[in-house]
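Pasting a structure below so you can have a look.
The values are calculated or read from the model by the stated rules, or taken from the named source; none is laboratory data. Note that the coordinates shown come from a computational prediction; the quantities given were computed from them, not determined experimentally. Positions of Cβ are generated from backbone atoms using ideal geometry, with glycine treated the same way; all protein chains shown enter the neighbour counts.
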Amino acid sequence: MPQTFHFYEPIRGHNLPHDPFNAIVGPRPIGWISSHNDQGQLNLAPYSFFNAFNYVPPIVGFASIGYKDSVRNIQKTGEFCWNLATRPLAEKMNTTCAAVSPEVNEFDLADLTPAASTIVSVPRVAETPVSFECKLTQLIQLQTASGDNLNTWLVLGEVVGVHIDTALLVDGVYQTAQARPILRGGGPADYFEISQDSLFRMNRPQ
């Protein structure tokens, strides 16, 4: 049978019960970002638009819809940490998503422990098995195709320090599924967990 397609122009609406864009581009890694302001007030927040963008040096980035506390803090201090969101930490990660005032410390709100970083001044989440210490490289306000500024900010940072629980290293190879990372899906509350059952291997062509 020939395929049929639902076509829409995003600017005119999708005419579906839920916007499919986030479901199509997914599941997506979670940018669980810790930062602090220039007075040292801590902030911890998850961002579903997150990924890695360069290998050497490693660069990661997240997009914030709105000029939120994380963006403001990172612009002032030039530093942040990324913390791996795992299945055992899912509920605590979700707690840090609460819309609270800037003076609220999400570490305290979610009963999480700030752990001192090695290079940057921003603490990481002690309970997570993997964290990146990052220094800001670029802060970019996104634009439409016609050049109009959006209230969305892309934060890019060079990873200058990596913390890995040694239990996740088997013969020196990081075990992705063993960390039980969670990824954001497309529905209003959809998440996925990576499992060893979903592993397949495919070598690049020579």
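I'd like to verify a number: residues in the stretch 98-120 that are hydrophobic (A, V, I, L, M, F, W, C) and at pLDDT 95 or above, how many? Talk me through it step by step, then tell me what you get.
First, the residues of the stretch 98-120 that are hydrophobic (A, V, I, L, M, F, W, C): 98-100, 104, 107, 109-110, 112, 115-116, 119-120.
Okay, now just the ones that are also at pLDDT 95 or above, so 107, 109-110, 112, 115-116, 119-120.
Summing the residues that are hydrophobic (A, V, I, L, M, F, W, C) and at pLDDT 95 or above in the stretch 98-120 gives 8.
Could you please find all residues in the stretch 38-97 being surrounded by fewer than 18 Cβ atoms within 10 Å (Cβ to Cβ), under 16 Å from the mean Cα position of the chain (by Cα) and of a type in the set (S, T, N, Q)?
Once the filter is applied, which keeps residues that are surrounded by fewer than 18 Cβ atoms within 10 Å (Cβ to Cβ), under 16 Å from the mean Cα position of the chain (by Cα) and of a type in the set (S, T, N, Q), the stretch 38-97 yields N51, N54, N94, T95.
Going by the conditions given, is E133 surrounded by 12 or more Cβ atoms within 10 Å (Cβ to Cβ), among the acidic types (D, E) and not in a strand (DSSP E or B)?
No, not satisfied.
Being hydroxyl-bearing (S, T, Y) and touching a Leu at 6+ places or on another chain (Cβ under 7 Å) is the filter here; which residues of the stretch 86-122 pass it?
T95, T96
Can I ask one more? Check P188 against each of (1) assigned to a loop (DSSP other than H, G, I, E, B); (2) loosely packed, with under 15 Cβ neighbours inside 10 Å; (3) at pLDDT 95 or above and name the one condition it does not meet.
In the conditions (1) assigned to a loop (DSSP other than H, G, I, E, B); (2) loosely packed, with under 15 Cβ neighbours inside 10 Å; (3) at pLDDT 95 or above, P188 misses (3) alone.
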